[in-house]
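*Asks:* One structure is given below, represented as structure tokens, and several questions about it will come after.
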Amino acid sequence: MRALRQAFPQGEVPVPEVFGWRRHEGQNFIYMSLIHGPTLREAWSSLTEGDKQSISVGLSGIVWSLQQITHDSPGMLIGSINGGSVQDRYFKLDYEEGPFLTVRSFNDWLLAAATRQRPGPEGIKTFDGSYRDYLPDDGSVYFAHGDLTLGNIILSGNPGAMKIEAIIDWEQAGFYPEYWEWSKLLYGVEYSHEWREGGWVDKAALLLAGLFNSCPRMTTDVFLPQFPNAGGVYVSSGAICSSQHGLWGVGAAMLPHWIKVVTP
């Protein structure tokens, strides 16, 4: 977090301030600033439509800023920020693995881990043949927070003027395939929640695509129905370019100051 504050001095990626750390009786302790405010999950029911749009815009800017962090190692290394194994908690029931040199090898490992979490011949048979094709083996590798759930996004302000105050809980951060960050935005979110039903995650992804003339992977529920005890992982069902979608009604005046609108 200290490195992120130094890399983004204008607050493009808002994080708590780290004052120091120490190790005591085999445990590491970090001393950091306390961020006051409700989480996105806690505040959702009180947000206005304008708040939801503004937060989606801000979230797109944060994800894009993180994607500008490059890897020192050559090639497409997927793993922790220091070149170690993947830290995502989805795999804690399995075992740590990686780093991976290709998206394909990461996806193969994801398939294997998910299969082991649903034991039995029917689970393996159902999953192995049909769902591997949903995992895109192409695309880039980006630095990602890795756990952008509703509970890790802290807000500030009053209804009608809410904004993202800080992103917390960075222990799973690292380099992941481009679909991973957006997929984890739906991790642990119930199907009935408006964050999912209203398509706010997809709107944020489309906004990012419209701003930077790219085609991010859109999320589709794949793993959760098959692995209810795994918490759910969501993977791409294809890419959607935003040239025909524009900025879904969000004007340039609403964009964070560090975002420049790119027109094809």
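The values are calculated or read from the model by the stated rules, or taken from the named source; none is laboratory data. Quantities reported herein were computed from a predicted structural model and do not represent experimental measurements. Please note: Cβ atoms are built from the backbone with ideal geometry, for glycine as well, and neighbour counts cover all protein chains shown.
*Asks:* Looking at region 161-178 only, could you name the residues that are part of a loop (DSSP other than H, G, I, E, B) and on the phi < 0 side of the Ramachandran plot?
*Replies:* Passing the criteria: 161, 162, 168, 170, 171, 172, 173.
So that you can scan it fast, the table gives a plain yes or no per residue for (1) touching a residue at least 40 places away in the same chain (Cβ under 8 Å); (2) more than 27 Å from residue 200 (Cβ to Cβ); (3) of a type in the set (S, T, N, Q):
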{"residue": "8", "(1), (2), (3)": "yes, no, no"}
{"residue": "19", "(1), (2), (3)": "no, yes, no"}
{"residue": "39", "(1), (2), (3)": "yes, no, yes"}
{"residue": "46", "(1), (2), (3)": "yes, no, yes"}
{"residue": "55", "(1), (2), (3)": "yes, no, no"}
{"residue": "76", "(1), (2), (3)": "yes, yes, no"}
{"residue": "80", "(1), (2), (3)": "yes, yes, yes"}
{"residue": "98", "(1), (2), (3)": "no, yes, no"}
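Here is a yes/no grid of residues against (1) part of a loop (DSSP other than H, G, I, E, B); (2) at pLDDT 90 or above; (3) within 20 Å of residue 173 (Cα to Cα):
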| site | (1), (2), (3) |
| --- | --- |
| 9 | yes, no, yes |
| 16 | yes, yes, yes |
| 22 | no, yes, no |
| 60 | no, no, yes |
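*Asks:* Against the definition (at pLDDT below 90 and farther than 15 Å from residue 145 by Cα), how does residue 38 come out, yes or no?
*Replies:* So residue 38 does not fit the description; no.
*Asks:* Output yes when any residue across region 116-127 is farther than 19 Å from residue 201 by Cβ, at pLDDT 90 or above and surrounded by fewer than 16 Cβ atoms within 10 Å (Cβ to Cβ), and no when none is.
*Replies:* No, every residue in region 116-127 fails to be farther than 19 Å from residue 201 by Cβ, at pLDDT 90 or above and surrounded by fewer than 16 Cβ atoms within 10 Å (Cβ to Cβ).
*Asks:* Now for a separate question. Just checking, does region 74-91 include any residue being crowded, with 18+ Cβ neighbours inside 10 Å, part of a helix (DSSP H, G or I) and modelled with pLDDT under 90?
*Replies:* Checked region 74-91: at least one residue is crowded, with 18+ Cβ neighbours inside 10 Å, part of a helix (DSSP H, G or I) and modelled with pLDDT under 90.
*Asks:* Kindly indicate whether residue 60 is surrounded by fewer than 18 Cβ atoms within 10 Å (Cβ to Cβ) and among the small types (Gly, Ala, Ser).
*Replies:* So residue 60 does not fit the description; no.
*Asks:* Kindly indicate the residue of region 181-224 that is modelled with pLDDT of 55 or more and of a type in the set (D, E, K, R) and also nearest to residue 90 (Cα to Cα) among those meeting that condition.
*Replies:* 184
*Asks:* Output the number of residues of region 130-187 satisfying the condition of being of a type in the set (Asp, Glu), buried (at least 19 other Cβ atoms within 10 Å of the Cβ) and touching a Lys or Arg at 6+ places or on another chain (Cβ under 9 Å).
*Replies:* Here the count works out to 2.
*Asks:* If residue 95 passes every condition in (1) part of a loop (DSSP other than H, G, I, E, B); (2) modelled with pLDDT of 90 or more but one, which one does it miss?
*Replies:* (2)
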